[in-house]
Amino acid sequence: MRLLASRLDAAAEEITRLQGASVAVGLPLTASPELAHYEGPLRNLVEWCHSSAAEIRRRAAIAAQADLIGWTPSGDNTAYDALMTAAAGGLDDQLAAFDALGPGGDMAAFFAVLTPAQALGVALARAAQVGARAGVPFELRFAANRQLVRQAHAEAVRVGDKAAAARYAELLNPDRQLLLFDPRGQGKIAEVRGDLATARHVAILVPGTGNSLANYLGGPEKDFKAIHLTAAGLSADTATIVWMGAPLPQSLGAAAFDLYADRSAPKLKDFVDDLRLRPEVHTTLIGHSYGSTVTGHAVKAGLHPDNLIAVASPGWGVQAAGDLNAPDTKLFAMRHQGDIIKLVPTADETLGIFIPLPDTIAGHGEDPVFMPGVERLASGSEADPGFGIDMDAHSDYFGGSEAGRRAAMNLAKVVVGVDSETYEEARAAL
């Protein structure tokens, strides 16, 4: 198909050359007066060649997306068939209507009137526009993001990036449900476990410093799976999301500043708002390490979950709980006794000695575990001496050690709305 398109373009150029003129500069196609009556037909032919070549390339691009999926004699070829229908022109009207909607179009209403095959074909053919789009049914977003992963995998194979190719191959496992995927830069991803359409409890986990798409597998992915399995064990009507929809600081120095949280907060708010969860759904926002700073800024920006939990937090970006401006959100914090985060001063306490820095630039406010109005949750480390340091404690809240499993269970109890154990209760029980 691409070869045919190239030959049509070449034919148009050759017609123009032979007539001694150029369509591009608006000169007549016919150089001699006696051929003037051929001007209109020749110009129409040139335009037809170019427009036909563009149309063939468009269809070839869609067919190439089908090739990424492939056709198997005994497998499920629904996605492949949907793209091939689009490539053959069977969804031209639907694709044109989708494109005409623009960024502010009502996606829910658009997809509601399509047949399942039409909806899937549009979602796959316009994967980059559908994958993170509000109002698109979750299953179609999953399909679109899967297609984006296929594209990234094919590119990684083409350039010989074996690590990335292996990572994307893992993300193509059938049980993956991605609400967001973008391999550019540090990468963006949001993955869900459970059924968002029917869940009564939804948790959103935001990881912290040093995380990116490159270390997602076995890192943030492992943590959010652990939270989901624990919470789903308490209530089957639970869905859990891990969100990495904006760059995170990659060093402790960068994590001292608010810049990443300021930029991430509106994106996190939009992401959660765009899920359009039912009003009765019980939502919990969990931020780990710098991720808690992101969640705090998002709540200040107007995101109001039922629960907000800071885990191993450098701060929500406020000095007092009331500064979050979320009176209906229940506030929780958790920190292991030996977590090194307790030794990290705010940037305004350190740099401010030499360079006056306002709180809006550096420092993340008060430690949430000490804030009035915040319930400190037991983490399973209450028997440890308060002055000791455990270098592994900062990442041990989602399973692994005995303390990590107890921490994960306490977080899960908040997610599903059952009584959790407080720090004070755990200390009193020693």
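The values are calculated or read from the model by the stated rules, or taken from the named source; none is laboratory data. If you're wondering where the values come from, they're calculated on a predicted model, not measured in any experiment. Here the Cβ positions follow ideal geometry from the backbone for every residue, glycine too, while neighbour counts run over all protein chains shown.
For this structure, a couple of remarks:
- Subset of segment 100-153 [of a type in the set (Lys, Arg) and under 15 Å from the mean Cα position of the chain (by Cα)]: ARG133, ARG141, ARG146
A quick yes/no check of all residues on (1) farther than 25 Å from ARG167 by Cβ; (2) surrounded by fewer than 24 Cβ atoms within 10 Å (Cβ to Cβ); (3) assigned by TED's automatic domain parsing to the domain that holds SER420:
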site	(1), (2), (3)
MET244	no, no, yes
PRO247	no, yes, yes
ASP262	yes, yes, yes
LEU268	no, no, yes
LEU277	yes, yes, yes
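- Among (1) farther than 15 Å from HIS297 by Cα; (2) at pLDDT below 95; (3) assigned by TED's automatic domain parsing to the domain that holds THR295 - the single one ALA214 does not satisfy: (2)
Residues are listed down the side, and each one gets a yes or a no for (1) outside any helix (DSSP H, G or I); (2) surrounded by fewer than 22 Cβ atoms within 10 Å (Cβ to Cβ):
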| residue | (1), (2) |
| --- | --- |
| PHE142 | no, yes |
| ASN145 | no, no |
| GLU155 | no, yes |
| GLU170 | no, yes |
| ARG176 | yes, yes |
| LEU179 | yes, no |
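- Test: residue in segment 223-236 that is hydrophobic (A, V, I, L, M, F, W, C), crowded, with 17+ Cβ neighbours inside 10 Å and touching a Pro at 6+ places or on another chain (Cβ under 7 Å): no
- Checking each residue in segment 235-282 for being under 17 Å from the mean Cα position of the chain (by Cα) and in a loop (DSSP other than H, G, I, E, B) picks out GLY245, ALA246, PRO247, LEU248, PRO249, ARG276, LEU277.
- Scanning segment 108-135 for residues that are of a type in the set (Val, Ile, Thr) and either surrounded by 23 or more Cβ atoms within 10 Å (Cβ to Cβ) or assigned to a helix (DSSP H, G or I) (or both) yields VAL122, VAL130.
- Subset of segment 376-430 [of a type in the set (D, E, K, R), within 29 Å of the chain's Cα centre (by Cα) and not in a loop (DSSP other than H, G, I, E, B)]: ARG405, ARG406, LYS413
- Residues (in a loop (DSSP other than H, G, I, E, B) and surrounded by fewer than 18 Cβ atoms within 10 Å (Cβ to Cβ)) located in segment 361-375: ILE361, PRO372, GLY373
- Within segment 284-298, restricting attention to residues that are assigned to a helix (DSSP H, G or I) and touching a strand residue (DSSP E or B) at 6+ places or on another chain (Cβ under 6 Å), the residue that is surrounded by the most Cβ atoms within 10 Å (Cβ to Cβ) is THR295.
- Taking every residue in segment 60-72 that is touching a residue at least 12 places away in the same chain (Cβ under 8 Å) and pairing it with any residue that is assigned to a helix (DSSP H, G or I) and among the acidic types (Asp, Glu), at least 6 positions away or on another chain, the pairs with Cβ-Cβ distances below 9 Å are ALA66/ASP81.
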